[in-house]
Amino acid sequence: MAYPGQPVPSGFYQGGYGGAPGGPAFPGQVQDPLYGYFAAVGGQDGQIDADELQRCLTQSGIAGSYKPFNLETCRLMISMLDRDMSGTLGFNEFKELWAVVNGWKQHFVSFDSDGSGTVDRQELEKALMTMGFRLSPQAVTAITKRYSTQGKIAFDDYIACCVKLRALTECFRRRDTTQQGFVNFHYDDFIQCVMSI
């Protein structure tokens, strides 16, 4: 299997009909380097589901370890970028996700001051502040407890935390019409907001 940035292995069929996203639209056009990887992972349906995304991210080594990437994090990332609500990612959505994951990786590494491959509560607080989240110490402690193992947050859990914070903030912001930091939720609206993430 070829990884992004690596050549496609010999014997991999690179031709085909039509101009699939990322594939060459006409002879001589350069194929997007991620497309070969996407096609290998996505299989026959041309879509990537959460299980396939988990295998993809685990095999890529982006988390810095060879333990399986968290499946729930994969589901969260798909829901974040799944514009057609199919429960899967097409090539363009996958390409966007790949860029976002790499951005989070750079951000994560910049706050992993001891190079442990994890962030602790203080490192998380600094990271969240640079993303514009102004949370109380109690909220940061609660988040750390939810996403950490023995006080350390691994990369895939960091992504889950970022995705949920972003989605919940957007849900709240849409309802905070006066931008005062206060909203009233009906119970059902609250459940829909929280459970859809």
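Candidates 194, 140: the one that is closer than 23 Å to residue 80 by Cα, without any contact (Cβ under 8 Å) to a residue 60 or more places away in the chain and open to solvent by less than 30 Å² (accessible area, probe 1.4 Å) is 140. Going by the structure shown, is residue 119 in contact (Cβ under 8 Å) with a residue 24 or more places away in the chain and within 30 Å of residue 46 (Cβ to Cβ)? Here the answer is no, as residue 119 does not meet what is asked.
Residue 139 satisfies every condition listed in (1) closer than 20 Å to residue 195 by Cα; (2) touching a Cys at 6+ places or on another chain (Cβ under 9 Å); (3) of a type outside the set (Asp, Glu) except (2). Among residues of the range 59-68 being closer than 20 Å to residue 39 by Cα and not small (Gly, Ala, Ser), the one that is least open to solvent (accessible area, probe 1.4 Å) is 62. Among the residues of the range 143-176, those that are open to solvent by less than 70 Å² (accessible area, probe 1.4 Å) and either touching an Asp or Glu at 6+ places or on another chain (Cβ under 7 Å) or small (Gly, Ala, Ser) (or both) comprise 147, 148, 151, 154, 160, 167.
Taken over the range 76-130, the criterion of being open to solvent by less than 60 Å² (accessible area, probe 1.4 Å), of a type in the set (A, V, I, L, M, F, W, C) and more than 14 Å from residue 158 (Cβ to Cβ) is satisfied by 78, 80, 81, 89, 91, 94, 97, 98. The helices (runs of 4 or more DSSP H) located wholly in the range 43-113 that include 3 or more residues which are touching a residue at least 60 places away in the same chain (Cβ under 8 Å) occupy 71-81, 91-111. One residue stands out among those in the range 140-191 that are of a type in the set (Gly, Ala, Ser) and within 24 Å of residue 79 (Cα to Cα): the one that is nearest to the chain's Cα centre (by Cα), which is 160.
The values are calculated or read from the model by the stated rules, or taken from the named source; none is laboratory data. Note that the structure is a prediction, hence the values are computed from the model and not measured. For neighbour counting, all protein chains shown are included, and Cβ atoms are generated from backbone atoms with ideal geometry for every residue, glycine included. Calculation scope for accessible area: heavy atoms of the full protein, side chains included, ligands and nucleic acids excluded. Shrake-Rupley method; radii C 1.70, N 1.55, O 1.52, S 1.80 Å.
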